[in-house]
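Let me begin by presenting the structure, written as structure tokens, before commenting on it.
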Amino acid sequence: PLYLHQENAIRKAVKRQNLVVSTGTGSGKTEAFLIPILNHLLQEQKSGTLSSPGVRALLLYPMNALANDQMKRLRRILEHYPDITFGRYININETPNKKTIAAEDFKATYPKEPFVPNELRAREEMHTAPPHLLLTNYAMLEYLLLRPDSSPLFDGDTGKFWRFIVLDEAHIYD
């Protein structure tokens, strides 16, 4: 069962209203934004528009550690939904340029994590076909907005699908 704040947040998100969820640690803030995002993606899949690459949701974290934790959670959920793509775009060590290097690095760094085919691990594959869910941090977002090779993430044919921007741990930002 959902907490009241989760239900209220989900109802607002489904109505396309902006919202802020502020509640204590461990009280389910993630579900308040993740459920509406996944619902939207599943609706897109049902209508046939999910097959087009492009970011639908940007999940912004103040630290890589938080983005990494969220990726573990997403792998376990999205391994059952292979049509929904997701990726973490952070520093060059954790998001290499080349797909082959990214796969090798992932398996070496996270040997106990499932290797989910719909997870995009390399910059080149995210530039070519942006993931539906993009996780990053605010410092990398600034670079992505300035780099021409990252423009497919934000504009053009693949940039027309934007729907959600999530600032997780918003109290940390100055």
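A few remarks follow.
- Amide H to amide H distances under 5 Å link residue 94 with no residue, where only residues 5 or more positions off or on other chains count and H is placed in the peptide plane.
- Charges were assigned to the Cβ only: +1 to each Lys and Arg, -1 to each Asp and Glu. The resulting dipole of segment 1-102 about its Cα centre is roughly 120 debye.
- Projected label points at residue 39 and residue 91, each 7 Å from Cα along the beta carbon direction, are separated by 3.8 nanometres.
- Divide the volume of the convex hull around the Cα atoms of the chain by the residue count and you get 126 Å³ per residue.
- Using a simple spin-label model with pseudo-atoms 7 Å out from Cα toward Cβ, residue 171 and residue 99 lie 4.2 nm apart.
- Between residue 139 and residue 160, the contour length at 0.36 nm per residue exceeds the alpha carbon distance by 5.2 nm.
- Since only 166, 81, 67 are under comparison, the one whose Cα sits farthest along the positive direction of the charge dipole of the chain, derived from C-beta charges on Lys, Arg, Asp and Glu, is 81.
- Translational diffusion of segment 20-90, µm² s⁻¹ [Kirkwood Rh, Cα pairs; Stokes-Einstein; 25 °C; 0.890 mPa s]: 183 µm²/s
- Helical contribution to [θ] at 222 nm, DSSP H n ≥ 4, -39,500 (n - 2.57), averaged over the chain, rounded to 500: -12500 deg cm²/dmol
- Distance between modelled label sites at residue 3 and residue 30, nm, 7 Å Cα→Cβ extension: 1.4 nm
- When the residues 173, 81 are ordered by accessible surface, computed with a 1.4 Å probe over the protein chains alone, the sequence from largest down reads 81, 173.
- Interchain or long-range residues, amide H under 5 Å from residue 164's placed H: 57, 58
- Residue 137 long-range amide H proximity, modeled H, under 5 Å: 61
- FRET efficiency estimate (nearest 0.05) - Cβ-Cβ, residue 146 to residue 80, R0 35 angstrom: 0.45
The values are calculated or read from the model by the stated rules, or taken from the named source; none is laboratory data. Source: prediction; values computed, not measured. When we count neighbours, we look across all protein chains shown, and the Cβ atoms used for this are built from the backbone with ideal geometry, even at glycine. SASA here: full protein model, heavy atoms, side chains in, ligands and nucleic acids out. Shrake-Rupley method; radii C 1.70, N 1.55, O 1.52, S 1.80 Å.
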